[in-house]
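The values are calculated or read from the model by the stated rules, or taken from the named source; none is laboratory data. All values derive from a computational prediction rather than experimental measurement. Positions of Cβ are backbone-derived with ideal geometry, glycine not excepted, and every protein chain shown enters the neighbour counts. Heavy atoms of the whole protein, side chains included, go into the accessibility calculation; ligands, DNA and RNA do not. Shrake-Rupley method; radii C 1.70, N 1.55, O 1.52, S 1.80 Å.
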Amino acid sequence: RVVANNISFLVREFKADQEAWLHNVDRNRQRKSEEMTGVKHPVVIVLDNVRSAHNVGNILRLAEAAQVESVRLCGMTPRPPDRKIMKTALGAAELVDVSSDDADASTLQTVLDLKAKGYDVYGVETAETAITLWDAPISSNPVAFVFGNELIGVDVEVLEECKSIICLPTYGNKNSLNIATCVGIVTWDYLRRVSTQSR
């Protein structure tokens, strides 16, 4: 009976996954066919040597939902069409401008290029000099947010090139959040600020 229940559960789970996949694929095809030209928000998400393909997939999914300009994958950050990324992103990877032409692109060079194009770059890191997101003055210019490796954070040389360093306040024993969660909070806080300013 236990084996039968397990098999039944796995079959239902597989069917649910297939239905979700088909739903997203169909919706993506419909969007492409309608040639949606929604305005992108002037935000670039820069990932500095992020290890987890699942985190990258989640970040691409939220980047599509937020309609950010692009996501820059630097260093050893996994890239589409990595299987884990594609599964977690649920079709979003094909709808986001993912800039990773150079597999060896350094985060520092990416940041310098963005600054040269007029972006204000913010490092998101739990550094001593960091300002909490709630108190940080975020520019109304095009912005880029740099998020670092899950263990060692954003490279020090990169932080030195940032306009300022921001962090999320935490109230427990842990002083940081999962990177995909952090990207979501920072991105939507920026969208909230932009929305409030435009009223």
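A few remarks follow.
- Between the Cα long axis of helix 179-197 and the first principal axis of the chain there is an angle of about 60°, rounded to the nearest 10.
- In degrees, nearest ten, helix 53-66 long axis to first principal axis of the chain (Cα): 80
- Taking a ≥ b ≥ c as the square roots of the eigenvalues of the alpha-carbon gyration tensor, the stretch 156-199 is classed oblate because a/c is 1.5 or more while a/b is no larger than b/c.
- For I131, the residues whose modelled amide H falls within less than 5 Å of its own, excluding neighbours fewer than 5 places apart on the same chain, are I165, I166, C167.
- Global geometry of the stretch 101-199, whether rounded, prolate or oblate, following the gyration tensor of its Cα atoms and the 1.5 cut on a/c: oblate
- Lysines whose Cα lies under 29 Å from that of K87, excluding same-chain neighbours fewer than 8 positions away: K15, K32, K40, K174
- With all protein chains in place and ligands, DNA and RNA left out, the 1.4 Å accessible area ranks H41, H54 as H54, H41, largest first.
- Tilt relative to the chain, helix 2-33 - C-alpha long axis, 0 to 90 degrees, to 10: 60
- Part-to-part distance (alpha-carbon centres) for the stretch 1-17 and the stretch 133-199, which is given in Å: 41
- Dipole magnitude of the chain, debye to nearest 20 (Cβ charges: Lys/Arg +1, Asp/Glu -1, about Cα centre): 920
- Remark on A144: its backbone amide H falls under 5 Å from those of V44, D120, V121, Y122, a criterion applied only to residues 5 or more positions apart or on other chains, H modelled at 1.01 Å from N.
- Placing unit charges on the Cβ atoms of the charged side chains and taking the dipole of the chain about its Cα centre, the candidate lying farthest along the positive direction among G148, G184, V2 is V2.
- If only the Cβ of Lys and Arg carry +1 and only the Cβ of Asp and Glu carry -1, the dipole of the stretch 119-167 around its Cα centre is close to 200 debye.
- Three-way shape label, the stretch 54-170, alpha-carbon gyration tensor, a/c 1.5: prolate
- Whole-number percent relative contact order across the chain, with pairs defined as alpha carbons under 8 Å at least 6 apart: 21
- Here P(r) over Cα pairs in 10 Å bins from 0, in percent was computed from the coordinates, and among [x] 7, 24, 22, 11, 7, 6, 8, 7, 5, 3, 1, 0; [y] 8, 33, 33, 17, 7, 2, 0; [z] 8, 31, 38, 20, 3 the match is [y].
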